[in-house]
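Have a look at the structure below before the remarks.
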């Protein structure tokens, strides 16, 4: 008896269905679903689909479909651009970004078609090497976009991610892809599994090492005690930080009429947090408008400066300001015109007396969200759709000094490294403040 029309249809399009399945499993392994164990088998259908490809061109499109669907599900956060940009440019930017990142899957698939799946241990090793190399290229090509690196899917897998301290997130991606390719090799050669079992030797060894190393590292770590009355050994240096989340939507945040209420929300939360006597207060990225800090808006400036005096605590605050940062808040002068100077996404360290202790300007900006890449090469009508003034790139890694008063006779200086939102996904950039002797790292973001 022959196959039914439905069965024939499924057989003809089996490779596409397998590609879709892999995209779905990869998506489920990432936040916000967080089914991270799926990542260890998510690419198996994809590798099997490649064996159905008739050539490298067919493999290319199988890879592109997988990558496009995966990133389409992973990157809806690009919709956050809408408050800054026309809805048309938001959709175009989303599709361009998804289409671009999907190309890395396509190139990977085309290259893997050149490696026979019956090559035993060579297939998984080649897959892991090529994949990791392409992830690394994606992390710096054009402006760099490392979101979706498979290693990040394991963020909640504590034993599995400890090896990142040795090999970074790319090392985790290497092991996960190696394991997937080893399983796929065995399944594709299941009739000769005794000969092909060797394809799993290296993946199993490295996976055991990965989890074994993680378990060893965690064995000596004390569990994080979330109780407020937890005791800390006397010789342990601590920094008590109060994070003030405004939970302000993007549409509200950039509406100037909403700012007084937003500022009051942050001030109320800060007063509440100050009752716990923290060493430092931290507000999110671009949480306060620069005009409230300079004194150009006297009422807002008065409320903010009064809060500083009342709480008597240093604060890190995110803002967007022009040109060089003033030496202290409240320095607005009509004689100083900064309207033609570039605007920066900054974090400021402000002491209780209003003096500016330091600032850091974001260096790695979000394409189309904070600046327009290759603006000179785009059609003239594209920049017209952008409804925000692009930020300028920061030039230097500045540490933020904070002076912590432990008691009346002891003031301790702590230098903090800041990473603003998108910058935190770039390991090399996150490492720079540490190399400049930052004792604490902080990530400020503006997501609600």
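Report the residue count in segment 398-431 for those that are under 22 Å from residue 366 (Cβ atoms), in contact (Cβ under 8 Å) with a residue 24 or more places away in the chain and surrounded by 16 or more Cβ atoms within 10 Å (Cβ to Cβ).
12
Please go through segment 322-351 and pick out each residue that is part of a loop (DSSP other than H, G, I, E, B), farther than 13 Å from residue 290 by Cα and in contact with a strand residue (DSSP E or B) (Cβ under 8 Å, 6 or more places away or on another chain). Don't jump to the end; show me each part of the working.
We begin by selecting, within segment 322-351, every residue part of a loop (DSSP other than H, G, I, E, B); these are 323-327, 329-342, 351.
Next, only the ones that are farther than 13 Å from residue 290 by Cα stay: 327, 333-337, 340-342, 351.
Listed by number, the residues that qualify are 327, 341, 342, 351.
Look through segment 300-321, keep the residues that are part of a helix (DSSP H, G or I) and in contact with a helix residue (DSSP H, G or I) (Cβ under 8 Å, 6 or more places away or on another chain), and return whichever of them is surrounded by the most Cβ atoms within 10 Å (Cβ to Cβ).
Pass one, segment 300-321, residues part of a helix (DSSP H, G or I): 300-311.
Add one more test, that the residue is in contact with a helix residue (DSSP H, G or I) (Cβ under 8 Å, 6 or more places away or on another chain), and what stays is 300-301, 303-304, 307, 310-311.
Values: 300: 20, 301: 19, 303: 16, 304: 24, 307: 20, 310: 13, 311: 20.
Among those that are part of a helix (DSSP H, G or I) and in contact with a helix residue (DSSP H, G or I) (Cβ under 8 Å, 6 or more places away or on another chain), it is 304.
Among the residues of segment 286-294, is there at least one that is part of a helix (DSSP H, G or I) and more than 20 Å from residue 347 (Cβ to Cβ)?
No: segment 286-294 contains no residue that is part of a helix (DSSP H, G or I) and more than 20 Å from residue 347 (Cβ to Cβ).
So which of 64, 84 is modelled with pLDDT under 95, crowded, with 17+ Cβ neighbours inside 10 Å, out of contact with any strand residue (DSSP E or B) (no Cβ under 7 Å at 6 or more places or on another chain) and more than 21 Å from residue 172 (Cβ to Cβ)? Full working, then the answer.
Values: 64 fails: modelled with pLDDT under 95.
Result: 84 is the single residue among 64, 84 that is modelled with pLDDT under 95, crowded, with 17+ Cβ neighbours inside 10 Å, out of contact with any strand residue (DSSP E or B) (no Cβ under 7 Å at 6 or more places or on another chain) and more than 21 Å from residue 172 (Cβ to Cβ).
Could you list, in sequence order, all residues of segment 28-44 that are within 19 Å of residue 113 (Cβ to Cβ) and either surrounded by fewer than 23 Cβ atoms within 10 Å (Cβ to Cβ) or outside the structural domain of residue 105 (by TED's automatic domain parsing) (or both)?
none
Any idea which of 79, 53 is over 18 Å from residue 149 (Cβ atoms), touching a helix residue (DSSP H, G or I) at 6+ places or on another chain (Cβ under 6 Å), surrounded by fewer than 21 Cβ atoms within 10 Å (Cβ to Cβ) and at pLDDT below 95?
53
Within segment 150-158, identify whether any single residue is out of contact with any helix residue (DSSP H, G or I) (no Cβ under 8 Å at 6 or more places or on another chain) and surrounded by fewer than 21 Cβ atoms within 10 Å (Cβ to Cβ), and answer yes or no.
No, there is no match, as no residue in segment 150-158 is out of contact with any helix residue (DSSP H, G or I) (no Cβ under 8 Å at 6 or more places or on another chain) and surrounded by fewer than 21 Cβ atoms within 10 Å (Cβ to Cβ).
Regarding residue 281, is this residue in contact with a strand residue (DSSP E or B) (Cβ under 8 Å, 6 or more places away or on another chain), farther than 28 Å from residue 45 by Cα and modelled with pLDDT of 95 or more?
Yes.
Every residue in segment 104-123 that is modelled with pLDDT under 95 and either in a loop (DSSP other than H, G, I, E, B) or touching a helix residue (DSSP H, G or I) at 6+ places or on another chain (Cβ under 7 Å) (or both), please.
113, 114, 115, 116, 117, 118, 119, 120, 121, 123, listed by residue number.
Does at least one position in segment 172-189 carry a residue that is modelled with pLDDT of 95 or more and within 30 Å of residue 371 (Cβ to Cβ)?
Yes, the conditions are met somewhere in segment 172-189.
Say whether the condition of being assigned by TED's automatic domain parsing to the domain that holds residue 421, in a strand (DSSP E or B) and either out of contact with any strand residue (DSSP E or B) (no Cβ under 9 Å at 6 or more places or on another chain) or over 19 Å from residue 247 (Cβ atoms) (or both) is met by at least one residue in segment 260-272.
Scanning segment 260-272, I find no residue that is assigned by TED's automatic domain parsing to the domain that holds residue 421, in a strand (DSSP E or B) and either out of contact with any strand residue (DSSP E or B) (no Cβ under 9 Å at 6 or more places or on another chain) or over 19 Å from residue 247 (Cβ atoms) (or both), so the answer is no.
Do we have any residue at all in segment 366-375 that's in contact with a helix residue (DSSP H, G or I) (Cβ under 9 Å, 6 or more places away or on another chain), crowded, with 20+ Cβ neighbours inside 10 Å, modelled with pLDDT of 95 or more and within 30 Å of residue 151 (Cα to Cα)?
No, segment 366-375 has no match at all.
The values are calculated or read from the model by the stated rules, or taken from the named source; none is laboratory data. In this text, all values refer to a predicted model and were calculated from it rather than measured experimentally. As a convention, Cβ positions derive from the backbone with ideal geometry for all residues, glycine included, and neighbour counts pool all protein chains shown.
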